[in-house]
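Every number in this text was worked out from the coordinates using simple rules, so none of it is lab data. In this text the structure is predicted, and so the values were computed from the model without any measurement. Because the Cβ atoms are built from the backbone with ideal geometry, glycine has one as well, and the counts that use them run over all protein chains shown.
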Amino acid sequence: MTIALGTALALLVLWWALRFLPAGAEGRLPLPYLIALIPFLWIPALLLAIVAAVLGCWPLAVAAVVLAMIIALRVPLHRLSLRETSRETKRETYRETHPDTSDTTARGYDEQPDAPITVMTLNCRFGRADADAIMDAVRAHDVDVLALQELTAGLVAALDAAGIRDMLPHRQLGEDRPTDNGGFNGLWTRLAPVAAASSSAQIPAADVPMIVASPTRNGRPGNAPDAAIAFASAHTKSPMRGCRAWSQGIVGLGRLALRQGCGTHAPTHPSPETAADDPSRASTEATVVLGDLNCGIDHPSFRKLLAAGFRDASMSALRKPMVSFPSWLAWPRIELDHVLISGGIDAERVETLTIHGSDHLATVAALRIR
């Protein structure tokens, strides 16, 4: 029995140690799924400790308890692995406002300099998410930037019918391709656009549409923006669609963090409905990537993405990962959807919402420009 318990404990340790593989090495089945379940390994570790204690195998019981605590108290290990600074993000109370939805101009951040930018991301489950429920969430949380994945033409039309252009008049959609993983991606915003493109990162997955927007422009011509923020909607492939492509897609998004401050501003009035204006021409002070990245903090490929210059909004604001799948279970849920930030922007609030028709929770974050 001691040998059996020791073997079980060794297997749990090896399973937990998969999170320390080199980035890309976990791109083989079933490693992505095994790593995704690491946060729940404290359960078998604790059960093993109880059995070992009942049988009087105290060294094994103590070792199993230590392993369970290491897994359950995972945030300090994340801080160590991500080399996060000790600086605490300033947290302020978020004040919800409800502007007149008939106003189609960009939000007046020059008149409300302390107002945070609210972003929301949702995987729409093959376009089955309820358009009215999405719009209710946009209105209730005064969303400035909406990123959707697994879109269909039918859902886009339903959103138009539900009044999305009144709230978020500017949009950029990715191309609808047969190779998309569940549908294409899209962005909607009320912020004044500087540039836009249907694809901003060449990864083996659906197009990553991007809008570079100025929160201080307020829709008036001739105002040179003090800052421009690049927003992108991403959906990496799931491991079942190709483990190597899954890892390459996650790591490949790191190029978006390196684009800050490059080039010059695009023309004053670009058309966000087309890809005519290359976002790489627009100088930006921050980049925000929103979407279903099909990975969590335990995946080495995701940590390599963060090492490229991104910070996870939930880790910054809450000091813990935000779990979002599946929506129909209160527990257990795993971490798939993210709001990633880089440059001169901080996260001060992150929460999840249930949207009827989707198997993911929507993630909403309040972001503040430094």
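Key figures
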| item | result |
| --- | --- |
| Net lengthening on full extension, Ala17/Lys320 (0.36 nm per residue, minus Cα-Cα) | 107.1 nm |
| Distant-in-sequence amide H partners of Ile345 (H built 1.01 Å from N, under 5 Å) | Arg370 |
| Estimated vicinal HN-Hα couplings, Hz - region 132-141 in sequence order (Karplus 6.51, -1.76, 1.60; Gly, Pro = x) | 5, 5, 4, 5, 4, 5, 4, 6, 5, 9 |
| FRET efficiency for Tyr33 and Ala330, using Cβ-Cβ distance with R0 set to 25 Å, rounded to 0.05 | 0.70 |
| Using θ = phi - 60° and Karplus 6.51 cos²θ - 1.76 cosθ + 1.60, couplings along region 320-336 (whole Hz; Gly, Pro as x) | 7, x, 9, 8, 9, 9, x, 5, 7, 10, 6, 6, x, 10, 10, 8, 10 |
| Pairwise centroid distance, computed over Cα atoms, of region 118-171 with region 317-350, Å | 19 |
| Within-15-Å neighbourhood charge of Pro326 [Cβ basis; K, R +1; D, E -1] | -2 |
| Karplus-derived 3J(HN,Hα), 6.51/-1.76/1.60, for each residue of region 175-190, Hz, glycine and proline x | 5, 8, 10, x, 8, 4, 8, x, x, 9, 9, x, 10, 10, 8, 9 |
| Contour excess over end-to-end distance, with Cα ends at Asp130 and Trp58 and 0.36 nm allotted per residue | 20.5 nm |
| Pairwise label distance in nanometres, Ala72 with Asp160, each label 7 Å out on the Cα-Cβ vector | 5.3 |
